[in-house]
Amino acid sequence: MIKLYGVPMSRAARSLWMLEELGVPYENVPTHFATGDTHKPEYLALNPNGHIPTLQDGELVLWESLAINLYLARRYEKGLWPQSIADEGRAYQWSLWAMTELEAPLLAYLMHTALLPKDQRNPAKAAEALTQLAKPLEVLEGALAGRSVLVGEAFGVADLNVASVLSWARMVRLDLSKWPRVDAWLGRCLERPAAKRAREKR
């Protein structure tokens, strides 16, 4: 039985979505960063970083949500893994891009508009994050020109990984109308039955 340590209202949601897409049996082991779970010795033995999620699949232990998803898509082949080496490279590219270009400004915007207590939110930092978001959103808009998915001909791990990061935009009702292809693509991704099942776990 696959075990995924984490809670749905965290980056673990990304891997819950992948597990739901694959339809493989798994156990979500409740592990919360806010309650000290991630700093208990038994958890640190799995993930010395003290973060979530962590995947345990037999003897294999993996950290980092998007790396977990790449592994799962290839290990449990259900059509989400690319069909060529070139597209494998593109799937890695988009997954790393989501973490290096998209997540930081999106998280900053989320923190200063919704997550932090109101007296700790900084409108200037939210505005700065929104400005920084424009560039990666333009890149994504360009990549979707004439395409319905990021890699290959059908929804796959690249789409899931990028959409799972960008899904935070929906949490704060971020206006994506300047990037209509991104907006439509994200909507299609998040309307997938597996994505809905993962959200229901929250």
Tell me the label only: which of [x] 48, 45, 27; [y] 41, 36, 35; [z] 77, 31, 29 is Cα extents along the principal axes in Å as calculated from this structure? [x]
Under a Cβ-only charge scheme (Lys and Arg +1, Asp and Glu -1), can you give me the dipole magnitude of segment 85-192 about the Cα centre, in debye to the nearest 20? 320
Segments 40-46, 155-161, 51-57 sorted - mean Cβ within 10 Å per residue, highest first: 155-161, 51-57, 40-46
Can you compute the helix-only [θ] at 222 nm over the chain? Use -39500 (n - 2.57) per DSSP H run of at least 4 residues, normalise by all residues, nearest 500 deg cm²/dmol. -14500 deg cm²/dmol
Mind checking which lysines have their C-alpha under 24 Å from Lys178, skipping anything on the same chain fewer than 8 residues away? Lys125, Lys135
Relative contact order of segment 85-192, please, whole-number percent, based on alpha carbon pairs below 8 angstrom and at least 6 residues apart. 33
Charges on Cβ only, +1 for Lys and Arg, -1 for Asp and Glu, centred on the Cα centroid of the chain; of Val7, Ala104, Ala124, which one is farthest towards the dipole's positive end? Ala124
Computed over the chain: relative contact order in percent, which uses C-alpha pairs under 8 Å that are six or more apart: 23
Using a Gaussian network model of the chain whose springs link C-alpha atoms within less than 10 Å, name the residue from Gly23, Gly58, Gly50 with the highest mean-square fluctuation. Gly58
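Bear in mind that the values in this text are calculations on the coordinates, not laboratory data. Everything quoted here is computed from the prediction, not taken from an experiment. Cβ coordinates were reconstructed from backbone atoms using ideal geometry, including for glycine residues, and neighbour counts include every protein chain displayed.
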